[in-house]
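Novice: Structure below; questions to follow.
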Amino acid sequence: MSVPFIEFEHVSHAYGEHPNNGVFAIEDINLKIDKGSFIAIVGPSGCGKSTFMKLTTGLQKSTQGRILVDSKPVLGPLSFSGMAFQAPTLLPWRTTLDNVLLPLEIVEPYRSQFSRQKNVFIERALKLLDSVGLGGYEKKFPWQLSGGMQQRASLCRALIHQPKMLLLDEPFGALDAFTKEELWNILRDLWSDQHFNVIMVTHDLREAVYLADVVYVMSKGPGRIVHQRNIDLPRPRELNLTYEPAFTRIVQELRTYIGAVRG
């Protein structure tokens, strides 16, 4: 059997001055995620989805249990992970190119190499921007880009240091339906080409089913995994699949589970 890339062993996390007596955000999570897989986490608001993501990347330390990534315990922030959020959070005084390059300026081992390998890194960034349809926009500032363009740049910034793991927290939640679907396909293609792990937190069940290999449903807080749905729809997936009966049945099944956990 292959070794999981991400493993949660009886993981719980509580907030408060005395965490063991505090309010638990997630409780007794047991999970094994294969290398190169794309998973989505869905559930009602406040169920601990974002906490799960922060624990995975080491931004928070679990109160109980153990988390392993790439066969090593997570003891602090992981330099080989990338993150993108609902708000692109691009720095307004930096161009698109400079925003994308930012992780290479602050994350080791790239930080110490940045000055002497800057041209190599710029070439990598330009290639990445071109792959998401932002070729020619590298000198634009964030205020000169649409919301969808800013989110594409945010994805490039999350991937510029070639992470093993990409964590996405509602990355397309603020976009219109057409832009959102366009970005689904961009993310699909980036993942297919580079084979990094993806953990995506989303409220959009169509998004989860379209992109993921596995969708996990969390209960309301304290969050537990109450349902695992393997998405056995063939790849590569195109948008016309979202209108097929097999696709809508899975979406409806997940909606039923979430309705049940909401009470």
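Novice: Being surrounded by fewer than 18 Cβ atoms within 10 Å (Cβ to Cβ) and in a helix (DSSP H, G or I) is the filter here; which residues of the range 189-198 pass it?
Specialist: D189, S192, D193, Q194
Novice: As an exercise: evaluate T248 against (1) free of Cβ contacts under 8 Å to residues at least 12 places away in the same chain; (2) within 18 Å of D169 (Cα to Cα) and give the number of the one condition it does not meet.
Specialist: Checking T248 against (1) free of Cβ contacts under 8 Å to residues at least 12 places away in the same chain; (2) within 18 Å of D169 (Cα to Cα), the one that fails is (2).
Novice: Quick check: is even one residue across the range 133-152 within 20 Å of V214 (Cα to Cα) and either of a type in the set (D, E) or free of Cβ contacts under 8 Å to residues at least 12 places away in the same chain (or both)?
Specialist: Taking every residue of the range 133-152 in turn, none turns out to be within 20 Å of V214 (Cα to Cα) and either of a type in the set (D, E) or free of Cβ contacts under 8 Å to residues at least 12 places away in the same chain (or both).
Novice: Take residues that are within 30 Å of P44 (Cβ to Cβ) and touching a strand residue (DSSP E or B) at 6+ places or on another chain (Cβ under 8 Å) and tell me which of the helices (runs of 4 or more DSSP H) falling wholly in the range 101-174 contain 2 or more.
Specialist: In the range 101-174, the matching helices (runs of 4 or more DSSP H) lie at 147-159.
Novice: In addition: Pairs under 9 Å by beta carbon, first residue at pLDDT 60 or above in the range 12-24, partner basic (K, R) and part of a loop (DSSP other than H, G, I, E, B), six or more apart or different chains?
Specialist: Here the result reads H13/K61, each pair linking the range 12-24 to a residue that is basic (K, R) and part of a loop (DSSP other than H, G, I, E, B).
Novice: Please verify whether P88 is free of Cβ contacts under 8 Å to residues at least 24 places away in the same chain and either within 26 Å of H203 (Cβ to Cβ) or not in a helix (DSSP H, G or I) (or both), treating the condition exactly as stated.
Specialist: Here the answer is no, as P88 does not meet what is asked.
Novice: Sticking with this structure for a sec: Looking only at the range 239-263, which residues are closer than 20 Å to N185 by Cα, surrounded by 11 or more Cβ atoms within 10 Å (Cβ to Cβ) and either of a type in the set (S, T, N, Q) or in contact with a strand residue (DSSP E or B) (Cβ under 6 Å, 6 or more places away or on another chain) (or both)?
Specialist: Answer for the range 239-263, where residues must be closer than 20 Å to N185 by Cα, surrounded by 11 or more Cβ atoms within 10 Å (Cβ to Cβ) and either of a type in the set (S, T, N, Q) or in contact with a strand residue (DSSP E or B) (Cβ under 6 Å, 6 or more places away or on another chain) (or both): T242, T248.
The values are calculated or read from the model by the stated rules, or taken from the named source; none is laboratory data. A quick note: this is a predicted structure, and the numbers were derived from the prediction, not measured. FYI the Cβ positions are ideal-geometry reconstructions off the backbone, even for glycines, and counts take in every protein chain you see.
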